[in-house]
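As structure tokens, the structure follows; a few thoughts come after it.
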Amino acid sequence: MTDAWLLTALSPIARAAFYLLAAVTLAGALGVTLTRNLFHSALWLAVTLLGVAGLYLYLGAEFLAVVQVLIYVGAILVLLLFGVMLTARIADPAVPALNRHALLAALVALGAGWALRLAVRQAAAMPAGPTA
């Protein structure tokens with residue numbers, strides 16, 4: 001007897017888990033980029049990095065997930081938070097809250113996304129195996 005029924009039953013659950021982890025990662029990335037407070041942005045970065053660690057677990061790469069949590073969330077992010085908290089100039093009202101190049105950065109990001117989309121479509125259209 002095969003376990004095909006188990007694979008078909010777990011498929012929607014696995015798909016839902018992936019979408020949940022991807023949503024957590026994307027929400028954290030949006031929080032990093034859209035938050036004006038640098039400390040809150042660093043906390044959103046922790047959410048993003050934990051979401052990536054969850055995606056590593058989903059892919060079956062347990063070692064990478066543990067390394068992601070220990071090194072990036074546990075060490076580098078803590079160092080970043082100490083640097084943010086010890087910097088006195090962050091709360092200075094003379095520091096502008098808006099970036100002058102936000103529109104240019106958005107256009108470059110859209111162009112890079114479009115180029116990546118085209119590259120993925122071309123790769124999907126290529127034959128999978130060697131041809132004669």
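Summary of values
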item: Among 109-115, 30-36, the order from most to least packed when residues are scored by Cβ within 10 Å on average; result: 30-36, 109-115
item: Förster radius 30 Å - calculated FRET efficiency between ALA119 and VAL67, Cβ distance, rounded to 0.05; result: 0.60
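Just so you know, all these numbers are worked out from the coordinates, no wet-lab data involved. Please read all numbers here as calculations on a predicted model, not as lab measurements. Cβ atoms come from the backbone with ideal geometry, glycine included; neighbour counts cover every protein chain shown.
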